[in-house]
Amino acid sequence: MMPDDRETPNAAQIRYWNSRGGSSWVPAQSQTDAMLGPLGQAALDAASIEPGHQVLDVGCGCGDTSLTVADMVGPSGGVVGLDVSRPMLDLARTRAQARDNVVFVQADAQTTDLAALQVDRIVSRFGVMFFEDPVAAFSNIRSALNESGRLSFVCWQPASENPWLGFTVRAVADLLEFPPGDSAGPGPFSLGGQGRIRDVLGKAGFRKPSVTPLVGELDIVGGADLEDAVAYSVQMSPIPGMVSDDPALAATVTARVTAAFEDAWNEGSICLPYGCWVVTAQR
Ligand SMILES: C[S@@+](CC[C@H](N)C(=O)[O-])C[C@H]1O[C@@H](n2cnc3c(N)ncnc32)[C@H](O)[C@@H]1O
């Protein structure tokens, strides 16, 4: 049972991922997986996952990484996908129907007792940046590893290194008042600094952290046509929650984003820089 008390840890994030976050990510699952798949794969490559391993996928969302790992560990291994979002887990379960080596659990990785799991590997694709108390969360996550267990995840570098994520917001920055991109609180950039990652992991008890930059360009169009690309990028931004009460403003914003896409459109692609960290550590 997920807590609904507003004072419980991570209550705001749990509400978000069960409402706006979930309803943005579920319909966008295939485009998001196409875009983020190679970045998540870098964390899986660094994890040295072997057939027979038991693996925990933290913040598994709609399940893409869990399904990939299920193939890697094979029938003698197993995967637990952990997430707070009911709608995203519903989709993950549907996608995993034909498999018997992956289960999905709705629980908070910071507060749920995970010590009974004793898995060989813990992985995450952008699912570990949303904790109110990252040291408590990573300590708890660490307790799920067996003695020789290892952690491997990918997270974003600061917003300044990720212009691709701000493209849509920048197009309407004069129309809407957005909260600051980078913050110390829970959010996509909360582990943006290399020093911050090492500090959190060290305080949580992890040994031998390795933080490796992974940079390149992401195509924010992802093979879609212009209209679908605009719809996807608006849906995945904070914009819908800011214009839901004002249809005229929503139409103006969509027109502005469409114009920005048209300007940047380059033979069906808009490639913009991204920066993330591939992080590994030992229990
Ligand atoms: C950016 S999404 C990434 C989802 C997925 N890993 C992917 O790459 O498609 C972040 C995920 O972390 C989950 N999440 C946020 N806070 C969490 C927590 N305290 N415990 C477990 N999952 C959490 C969200 O519900 C969401 O599915």
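Let me test this: with uniform point scatterers at the alpha carbons of the chain, what is the Debye-based log₁₀ I(q)/I(0) at q = 0.10, 0.13, 0.15 1/Å? These q points yield log10 I(q)/I(0) values of -0.52, -0.88, -1.17. Around the amide H of F131, modelled in the peptide plane, lie the amide H atoms of G187, all under 5 Å away and 5 or more residues distant in sequence or on another chain.
Separation of the stretch 186-224 from the stretch 12-68 is 15 Å, based on Cα centroids. Modelled this way, with points 7 Å down the Cα-to-C-beta line, the labels at S148 and A255 are 6.4 nm from one another.
Across the chain, the relative contact order, built from alpha-carbon pairs under 8 Å that are at least six residues apart, equals 20 percent. Placing R0 at 22 angstrom, the Cβ-Cβ distance between Q282 and D100 gives a FRET efficiency of 0.15 after rounding to 0.05. Across the chain, the longest piece that holds none of the GluC sites (Glu not before Pro) lying in DSSP loops with up to 10 other C-beta atoms within 10 Å covers 8-176.
Averaging the sequence gap over all C-alpha pairs within less than 8 Å and six or more residues apart, then dividing by the number of residues, gives the stretch 183-283 a relative contact order of 46 percent.
I need the shape label for the stretch 159-242. Rule: rounded when a/c is under 1.5, else prolate if a/b > b/c, else oblate, with a, b, c from the alpha carbon gyration tensor. Judged from the Cα gyration tensor, the stretch 159-242 comes out prolate (a/c at least 1.5, a/b above b/c).
Amide H contacts of Y274 (H built 1.01 Å from N, in plane; Pro and chain starts excluded): G216, E217, L218 sit under 5 Å, all sequence-distant by 5 or more or on other chains.
Of the trypsin sites (Lys or Arg not before Pro) found in the stretch 1-90, those in coil by DSSP whose Cβ has at most 10 other Cβ atoms within 10 Å are R6. Across the stretch 216-225, rounded Karplus estimates of 3J(HN,Hα) from the backbone phi angles (6.51 cos²θ - 1.76 cosθ + 1.60, θ = phi - 60°) give x, 10, 10, 8, 6, 8, x, x, 7, 7 Hz, Gly and Pro being marked x.
Comparing mean-square fluctuations of N266, N146, N101 from a GNM of the chain with C-alpha springs under 10 Å, the top value falls on N266. Of all the options D64, D174, D33, the one that moves most in a Gaussian network model of the chain with Cα springs shorter than 10 angstrom is D174. Simple rule: put +1 on each Lys or Arg Cβ and -1 on each Asp or Glu Cβ in the chain, find the dipole, and look at Q31, G21, F104; the Cα lying farthest toward the positive end is F104. In this structure the amide hydrogen of Q54, modeled in the peptide plane, comes within under 5 Å of the amide hydrogens of G78, D120, R121, none closer than 5 places in sequence on its chain. Consider a paramagnetic label point 7 Å from the Cα of S244 along Cα→Cβ; state which residues of the stretch 11-29 have an amide N under 14 Å from it. Under cut-off, by backbone N: 15-25. The HN-Hα couplings worked out from phi for the stretch 228-242 by the Karplus form 6.51 cos²θ - 1.76 cosθ + 1.60 (θ = phi - 60°) are 5, 5, 5, 4, 5, 5, 5, 4, 7, 9, x, 4, x, x, 9 Hz, whole numbers, x standing for Gly and Pro. For the stretch 96-105, backbone phi angles converted through the Karplus equation (6.51, -1.76, 1.60; θ = phi - 60°) give residue-by-residue couplings of 9, 3, 7, 10, 10, 10, 9, 10, 10, 10 Hz, Gly and Pro being listed as x.
Read-outs throughout are calculated quantities, based only on the coordinates presented, and are distinct from any laboratory measurement. Note that the structure is predicted; figures quoted are calculated from it, not measured. All Cβ positions, glycine included, derive from the backbone under ideal geometry; neighbour counts span all protein chains shown.
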